[in-house]
Number of protein chains: 2
Amino acid sequence: MSKDNDEMVVTPWEVKGKIDYDRLIEEFGTQRIDKKLLDRIYKITGEKHFMLDRELFFSHRDLDWALKEYEKGNRFIIYTGRGPSGNVHIGHLVPWIFTKWWQEKFDTRLYFQLTNDEKFWFDQDLTFDKVKQLTYDNALDVIAVGFEPENTFIIQDIEHIDMMYEIAVQVAKKVTFSTARAVFGFENSMNIGGIFYPSMQAVPAFLHSWIYGKKTPCIIPCAIDQDPHWRITRDVAEKLGYYKPASIQNKFVPGLQEGGKMSSSNPMSAVYTTDTPKMARKKVMAAFTGGRDTADEQRKLGANPDICSVFKYYNFIFMPDDKELADIEKKCRGGEMLCGECKQILAPRIMKFLEEHQERREEAKERLHEFSAARLRDEIRR
Amino acid sequence: MSKDNDEMVVTPWEVKGKIDYDRLIEEFGTQRIDKKLLDRIYKITGEKHFMLDRELFFSHRDLDWALKEYEKGNRFIIYTGRGPSGNVHIGHLVPWIFTKWWQEKFDTRLYFQLTNDEKFWFDQDLTFDKVKQLTYDNALDVIAVGFEPENTFIIQDIEHIDMMYEIAVQVAKKVTFSTARAVFGFENSMNIGGIFYPSMQAVPAFLHSWIYGKKTPCIIPCAIDQDPHWRITRDVAEKLGYYKPASIQNKFVPGLQEGGKMSSSNPMSAVYTTDTPKMARKKVMAAFTGGRDTADEQRKLGANPDICSVFKYYNFIFMPDDKELADIEKKCRGGEMLCGECKQILAPRIMKFLEEHQERREEAKERLHEFSAARLRDEIRR
């Protein structure tokens, strides 16, 4: 029996096939971010963001409600996270960059969860020492994005379990194996840590309310593949006396090679934050594009930016200016610009971006305590 | 279809039916404590214990190995515990009293786990506040048994999770849902906390080794219904670089009413440590015995101590002197002593026991810190 290789699979642990975002919205039961909601956001932020305009952030749950609460003076916190299963690549930074903007515009607190227990449980080959090393390494990247330390709290599940377990224990009681299996597709071969894990990913949505004893709305900026987790979180929220967390969801950032999202398991498909700028240039120059087989053909027929990873890099992060992007798209389609030339524009941008990120990442080694959620221990109401 | 009500069920969460200890040893795959092993124990302790002589502690795993290690100078720690699902009754104290003796004779450290996460997960009606209250209350009873504080560390799962989670995470990765279901009979309606829980019950078996970075044998005195937990623990031990924990297992302490073990869900079946001595007397006087319908009949035919809860109280705790016990058994069988008379011997013993326990329990309120595992935080090698 042949199997359609393009079949879409989207779970928190696997994204493959051709992604149909309309179908995802329908299947997950989320809402599209429409013009009206966008206007409402911009009325508060006073500034547009290309990731919203370009529908890179395209879907949400209860964002309208959270904004309404905000307008009434009931401020939200934001929560996002990262599973430290490998090095951070530029694709990971896209939603973090948006999160930073969102945090600044709404002047609110960010809880950033590093789910090292999850990755240890879900990656059979990941050792305990390795996942701890990755947690440290990934925290440096989070800090390097430039979040304000006074409003940013990096939570490491294993290290900060003392602040999380009370909530996780209460969430876990409300979630049966049947439910977890239906939502995540757990097999009987799944280890009992992985089965418990959804309780841990719920915690930061409630943490602020729990610490301060004040029911506080929460908005989660995240890639849409993580939505199943917060479906569980939303299911239990009210039973535990919290608000259901809202979310604002982004599309998957494509890799430098054909298809799928950037993947840590294929080094050439992604530019890592620890790549040397020279290595990054090399990856860009080797990237998959929508170009023709020969220069002549391309000059005559034009190229296809819709499938081009270089163009997607521009779209997602390196060409926030809409006019510039439209211009390059026109030249691409019209055959005026060849792929090599186009890559020569992207490469120095990525290199500059990396150099700056790496400088802040180096400084972050001395600044971990400034961002650590451990600072909250003294504020917990027991 | 009729169902045999006497059918034996023994799991960590349910004990019912007529208990066949020979069958349990066979089904669980444990070893009987034989004469040779008993001699070996007594050679070290220099003193007999009636709970061993009477085969109340009757079964074990690897106890011979742990003693051999001890003889070689590789000392073990001991670990036992309690699920704080309700008030402590005298039946619970029986293995703790033995554990105290064992601790003293081997001059070793005891880790006493209060599994409040477990009880919260497994008892649908238990609230979070209630389980925290019970944890406190039960800790008082543990202390009142008279353990040496310098060698005793009471672990409360939720409160001390920071010292436990690293180990639990590593255990959990090695246990699949299939295995947990096969061992514990989990249904799909089990919550995901309960499924994770076996990882937590494994932790104290490894905690000492983990804290001090030194592989240390562990002996677990416990009721045999808890054996499935440590089957899991033993399965993963060597993979994680620890010794398999040994165990020494006791029979269930019978209740004051007919059948089963003492049960917190039937208040009259048990004497609680918080019962007034007067209430305890009342329960003893109302207890189920092996007596006849009339005094005349009993004088003529004698009574049956084999099914008598009063006699079982003597056997398990209140008549450690073998001669005294044999004497009362003889009088009972011979019809020389009626049940009321017999109960008049038990009642003052229980009352005195309770008064002394309650005095120490009251003092314990000021001594919790002396026994808390929190003292170990500073010793953890990170």
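The values are calculated or read from the model by the stated rules, or taken from the named source; none is laboratory data. Nothing here was measured: the structure is a model prediction, and the numbers come from that model. No Cβ is skipped: glycine too gets one built from the backbone with ideal geometry, and neighbour counts run over all protein chains shown.
The residue that is nearest to A:GLU362 (Cα to Cα), among those in segment A:279-305 that are among the charged types (D, E, K, R) and in a helix (DSSP H, G or I), is A:ARG281.
The residues of segment B:265-278 that are at pLDDT 95 or above and part of a helix (DSSP H, G or I), listed by number, are B:PRO277, B:LYS278. Tell me, please, whether a residue that is outside any helix (DSSP H, G or I) and closer than 20 Å to A:THR273 by Cβ can be found in segment A:127-146. Looking through segment A:127-146, at least one residue is outside any helix (DSSP H, G or I) and closer than 20 Å to A:THR273 by Cβ. Condition check: under 17 Å from B:ALA66 (Cα atoms), more than 14 Å from every other protein chain (Cβ to nearest Cβ) and of a type in the set (Gly, Ala, Ser). Does B:ALA223 satisfy that? No: the conditions fail for B:ALA223. Applying the set (1) in a helix (DSSP H, G or I); (2) at pLDDT 95 or above to B:ILE248 leaves exactly one unmet item: (1). Which residue, of B:MET285, B:MET319, B:MET268, is more than 12 Å from B:LEU346 (Cα to Cα) and hydrophobic (A, V, I, L, M, F, W, C)? Being more than 12 Å from B:LEU346 (Cα to Cα) and hydrophobic (A, V, I, L, M, F, W, C) holds for just one of B:MET285, B:MET319, B:MET268, which is B:MET268. Of all residue pairs spaced 6 or more apart or on separate chains, those with beta-carbon atoms under 6 Å, a first member in segment B:54-79 that is under 30 Å from B:ASP306 (Cβ atoms) and a second member that is part of a loop (DSSP other than H, G, I, E, B) are B:LEU56/B:LYS251; B:PHE58/B:ILE33; B:SER59/B:THR30; B:HIS60/B:ILE33; B:ARG61/B:THR30.
Only residues that are buried (at least 23 other Cβ atoms within 10 Å of the Cβ), within 16 Å of A:ALA202 (Cα to Cα) and within 10 Å of another protein chain (Cβ to nearest Cβ) were counted across segment A:119-160, and they come to 2. Only a single criterion out of (1) more than 20 Å from the chain's Cα centre (by Cα); (2) modelled with pLDDT under 95; (3) surrounded by 21 or more Cβ atoms within 10 Å (Cβ to Cβ) is not satisfied by A:MET262, namely (1). Out of B:HIS60, B:HIS89, one residue alone is at pLDDT below 95 and at negative phi. It is B:HIS89. Could you list all residues from segment A:104-118 that are away from chain B (no Cβ under 11 Å) and in contact with a Ser or Thr (Cβ under 7 Å, 6 or more places away or on another chain)? Selection gives A:LYS105, A:LEU110, A:PHE112, A:LEU114. Contact map, segment B:177-206: first residue more than 15 Å from B:GLU118 (Cα to Cα) and facing chain A (nearest Cβ under 7 Å), second residue among the basic types (Lys, Arg) and assigned to a helix (DSSP H, G or I), Cβ cut-off under 8 Å, separation 6 or more or different chains; pairs are B:ASN188/A:ARG181. Note on segment B:159-181: residues that are polar (S, T, N, Q), more than 22 Å from B:PRO12 (Cα to Cα) and within 26 Å of the chain's Cα centre (by Cα) amount to 0.
For segment B:164-173, residues that are facing chain A (nearest Cβ under 7 Å) and touching a Leu at 6+ places or on another chain (Cβ under 7 Å) total 1. Residues of segment A:294-303 include none that is in contact (Cβ under 8 Å) with a residue 40 or more places away in the chain, under 20 Å from A:VAL88 (Cα atoms) and of a type in the set (Gly, Ala, Ser). Considering A:LEU52, A:LEU114, A:LEU93, the condition of being within 17 Å of A:CYS222 (Cα to Cα) and touching a Leu at 6+ places or on another chain (Cβ under 7 Å) is satisfied by A:LEU52 alone.
Scanning segment A:293-313 for residues that are closer than 13 Å to A:LYS331 by Cα and either under 24 Å from the mean Cα position of the chain (by Cα) or not small (Gly, Ala, Ser) (or both) yields A:GLN298, A:ARG299, A:LYS300, A:LEU301, A:ASN304, A:PRO305, A:PHE311. A:GLU7 falls short on exactly one of the conditions (1) at pLDDT below 95; (2) part of a helix (DSSP H, G or I), and that condition is (2).
When we screen A:PHE50, A:PHE28 for residues that are closer than 20 Å to A:HIS229 by Cα and either surrounded by fewer than 21 Cβ atoms within 10 Å (Cβ to Cβ) or without any contact (Cβ under 8 Å) to a residue 60 or more places away in the chain (or both), the only hit is A:PHE28.
Residue-by-condition table, conditions (1) outside any helix (DSSP H, G or I); (2) hydroxyl-bearing (Ser, Thr, Tyr); (3) touching a strand residue (DSSP E or B) at 6+ places or on another chain (Cβ under 8 Å):
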| site | (1), (2), (3) |
| --- | --- |
| A:PRO84 | yes, no, yes |
| A:LYS105 | no, no, no |
| A:GLN113 | yes, no, yes |
| A:PHE153 | yes, no, yes |
| A:ILE167 | no, no, no |
| A:THR179 | no, yes, no |
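Can you tell which of A:LYS68, A:LYS18 is at pLDDT below 95 and of a type in the set (Lys, Arg)? So the residue among A:LYS68, A:LYS18 that is at pLDDT below 95 and of a type in the set (Lys, Arg) is A:LYS18. Among the residues of this structure, A:LYS68 counts as one that is in a helix (DSSP H, G or I) and either surrounded by fewer than 16 Cβ atoms within 10 Å (Cβ to Cβ) or of a type in the set (Phe, Trp, Tyr) (or both).
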